[in-house]
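See below for the structure under consideration.
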C-alpha cells in the first residue's frame, strides 16, 4: 500500500478545498505543484468545493505559482478509515476524511459528533471549534498537524417505510455509519446495521434495512430518493471532516506556502460550514420535490417535520445514553477535556 501510494503521490502535497475564496493574490510564492486528495468524489462537498478550488481558485490566488490536480480518496482505492494513519506515517503528506472514521482507533474521535449533541449547524460549529485545540494536542503526539475542520450537511433518516416521529424507529433496521449513531438507534429500540455507503440503495430497495442515516444532500446525490419514501428532517449528527498534515512534511514546506495554504484552508472550511445549512435545506427540498429545489431532478419523498417532543427526546437520549456510553470507553483525560469544552457549552457533564 505504501509503495503504491508513494508512486501515485509522487512526492506531492495532498490537500482539500472549496470554491470562491475571497483572498488577495499572492505572487511571491515558490513554484509548487500539488496533488490533491479530497473527500468522496460523488458528493457535493467535492464537486462544489474541493475540485473547483484546487483546479481554479488556488492557481488564480497564487498567480500561477501553486497549481494542483485532485482526486477523491475513493477514486484512489482508499476507504477512508486508513487516511489519518497514512498521514501519521508520512505516506499521505496532507489529506481529509470524516473524523468518525477513526472512532475505532480512539473514542476521542467521536467527541464532536456524538448523536444528538448538535440539533443545528451553529451548535455543531461551536462544538467543533471548542474541541479543536484538544485534537491539535492529541494528534501532535502522533506527528500529525490539524489544519482545520469542515462538515457535511445534517445527517438524517431516509426510510423506505412509514415514519412520523422518532418512536417509529422502534423495531426497524437502520443503516448507521458510526458507533454513536448506532447507540442512538438502539436507544430508540431499532437495530443498527453496518453497510457501506455505496451499498445502501440496494439494501433499502430489497428490505435489508428499513432506514439509513446520511447527509440530506449526500442522500440526494446518491439517489436515495429513488428507494426511500420518508425523509425525517431532524439532524442526528453532522459527520465533520478533519483536514490534517504529516507534521514533518508540513515543516519542510516553504513558510510562505504554509501561510498561504493555511489561510485559504481557513477560508475553505468557513465556506463549507456556511454551505452546510443551505445544503441541508436543499437536500430536504430536492428529495421531496419542493419548488425551492434548484436541481433538475426532484424526488417524491414525504418530508416529516420533527416535533418539539422529538427534539427533546433527541436531547434526552444524547445526555442519558449516548454521552455516558462514549465516556465509558474514552480515557479519563478525554472525558475531562469534553467537560471543559463541549460539556460546558451544552450543560452536559460526562462521568468516567
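Table for the structure above
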item: Only one of 79, 65 that is free of Cβ contacts under 8 Å to residues at least 12 places away in the same chain, over 30 Å from residue 352 (Cα atoms) and surrounded by fewer than 22 Cβ atoms within 10 Å (Cβ to Cβ); result: 79
item: Output for segment 68-103, where each listed residue is over 28 Å from residue 196 (Cβ atoms) and out of contact with any strand residue (DSSP E or B) (no Cβ under 6 Å at 6 or more places or on another chain); result: none
item: Where residue 252 falls short, out of the listed (1) without any contact (Cβ under 8 Å) to a residue 24 or more places away in the chain; (2) surrounded by fewer than 18 Cβ atoms within 10 Å (Cβ to Cβ); (3) on the phi < 0 side of the Ramachandran plot; (4) in contact with a helix residue (DSSP H, G or I) (Cβ under 8 Å, 6 or more places away or on another chain); result: (4)
item: All positions within segment 174-219 that are at pLDDT 95 or above and assigned to a loop (DSSP other than H, G, I, E, B); result: 188, 189, 190, 206, 207, 208, 209, 210
item: Residue selected from segment 273-309 under the condition part of a helix (DSSP H, G or I) and more than 24 Å from the chain's Cα centre (by Cα), by the criterion surrounded by the fewest Cβ atoms within 10 Å (Cβ to Cβ); result: 308
item: Which listed residue, of 118, 161, 124, 130, is at pLDDT 95 or above, assigned to a loop (DSSP other than H, G, I, E, B) and closer than 20 Å to residue 271 by Cα; result: 118
item: Residue that is surrounded by the most Cβ atoms within 10 Å (Cβ to Cβ) [pool: residues in segment 84-97 that are closer than 22 Å to residue 181 by Cα and modelled with pLDDT under 90]; result: 96
item: Which numbered condition residue 187 fails, given (1) in contact (Cβ under 8 Å) with a residue 60 or more places away in the chain; (2) buried (at least 18 other Cβ atoms within 10 Å of the Cβ); (3) touching a strand residue (DSSP E or B) at 6+ places or on another chain (Cβ under 9 Å); result: (3)
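The values are calculated or read from the model by the stated rules, or taken from the named source; none is laboratory data. In this text the structure is predicted, and so the values were computed from the model without any measurement. Every residue, glycine among them, receives a Cβ derived from its backbone with ideal geometry; neighbour counts consider all protein chains shown.
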